[in-house]
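The values are calculated or read from the model by the stated rules, or taken from the named source; none is laboratory data. Here the structure is a predicted model, which means the values were calculated and not measured. Cβ sites come from the backbone with ideal geometry, for glycine too, and all protein chains shown count toward neighbours. With ligands, DNA and RNA removed, areas are computed over all heavy atoms of the protein, side chains included. Shrake-Rupley method; radii C 1.70, N 1.55, O 1.52, S 1.80 Å.
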Amino acid sequence: VCRSSLQTTMKIYSCSICRYFVHKQCRPRATRNCVLLYFDQFPTKSLIEHRWIEGNQKGSCSYCRQSLASITHLKGFRCFWCHIKVCSYMCRKGIDSRCILQPLIISPTLISVRGSTDRSTWKLKIEPKQCPLLVFINMRSGGQQGASLQRKLNTLLNPVQILDLSIGGPKTGFAMFRDVNRYKVLVCGGDGTVAWVLETLDLLNLPKPPPVAVLPLGTGNDLSRALGWGGGYSKDQSIETILINVQNAKVIYMDRWKLEIKPKEDD
């Protein structure tokens, strides 16, 4: 708003979706134009244009290759959807206006909420070649890491794809994806959270269950280790790299057993 440095003693606020930063005293004057995540009804055109977010970015401009770093003023733009970065308004004009999304991301033009706030009733119209990602997060796993992880994922996917398991459980997400033929699931939690999601899949008895990846947030994480996803998550890990690994991962099958314990009968 005021375009002054955020490196002050003043309190700072930021939008959890578009990462728009303001000082406390600038908050009442901040524009209310956050990213549109869905439509009430499917629009006639499925292609979207870039949604630019201004602010210092890492790396270099995708058009002129100039560095995006600056410590004196706001510099650079990043598209919220395709994550392309440019350094100026001039370079924005040189970039193709069409926004090409990664396969894991669901475009807002493919989501129809039909006047409802209940995600289980929303309708998705996914293109045949696309394989989007459905993310479940257990906010209580791994020392309350879920909230910070969700904020990071919000900048890399459509936040609609990311569900807090404490709100409706896994069934809400699977209901939202009911018309999607091909998709992947990322479970952010411990072994118990993964078992919960897999049990829900068993109950739904889908004709073609989606493959499930794990981002380990729990304490044991034995299943995550066995499947090659590691024994834990650190805030220093690159979420971008994790999503690339999920996109390129090979599907493997495993047996799941149900253990039934009965009391010993007397002879």
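Which members of segment 228-257 meet the condition of being modelled with pLDDT under 90 and farther than 22 Å from G143 by Cβ?
G228, I252, Y253, M254, D255, R256, W257
Name the single residue, out of those in segment 108-130 being part of a loop (DSSP other than H, G, I, E, B) and either modelled with pLDDT of 95 or more or among the aliphatic types (A, V, I, L, M) (or both), that is farthest from Y38 (Cα to Cα).
I126
Tell me, please, whether a residue that is open to solvent by less than 30 Å² (accessible area, probe 1.4 Å), in contact with a Gly (Cβ under 6 Å, 6 or more places away or on another chain), closer than 18 Å to Q145 by Cβ and not in a loop (DSSP other than H, G, I, E, B) can be found in segment 198-216.
yes
Taking only segment 70-94 into account, find how many residues are farther than 25 Å from L243 by Cα and part of a loop (DSSP other than H, G, I, E, B).
8
Pull up segment 10-34, narrow it to residues that are without any contact (Cβ under 8 Å) to a residue 60 or more places away in the chain, out of contact with any strand residue (DSSP E or B) (no Cβ under 7 Å at 6 or more places or on another chain) and among the hydrophobic types (A, V, I, L, M, F, W, C), then point me to the one that is most open to solvent (accessible area, probe 1.4 Å).
Per the stated criteria, the residue is C34.
Kindly indicate the residue of segment 57-107 that is closer than 25 Å to L36 by Cβ and of a type in the set (V, I, T) and also surrounded by the fewest Cβ atoms within 10 Å (Cβ to Cβ) among those meeting that condition.
I100
Would you pick out the residues in segment 131-167 that are of a type in the set (G, A, S), surrounded by fewer than 18 Cβ atoms within 10 Å (Cβ to Cβ) and in a loop (DSSP other than H, G, I, E, B)?
G143, S166
State which residue pairs qualify: first residue closer than 16 Å to V113 by Cα and without any contact (Cβ under 8 Å) to a residue 40 or more places away in the chain and inside segment 149-164, second residue assigned to a helix (DSSP H, G or I) and open to solvent by less than 10 Å² (accessible area, probe 1.4 Å) in any location, beta carbons under 6 Å apart, and separation of 6 or more residues or different chains.
These pairs meet every condition: I162/L153.
Any idea which of (1) within 12 Å of the chain's Cα centre (by Cα); (2) not in a strand (DSSP E or B) is the one G192 doesn't satisfy?
Evaluating G192 over (1) within 12 Å of the chain's Cα centre (by Cα); (2) not in a strand (DSSP E or B) leaves (1) as the failure.
Consider only pairs whose beta carbons are under 6 Å apart and that are at least six residues apart or on different chains; among these, list those whose first residue lies in segment 95-106 and is under 7 Å from C82 (Cβ atoms) and whose second residue is of a type in the set (A, V, I, L, M) and in a loop (DSSP other than H, G, I, E, B).
Every condition considered, the pairs that remain are C99/I48.
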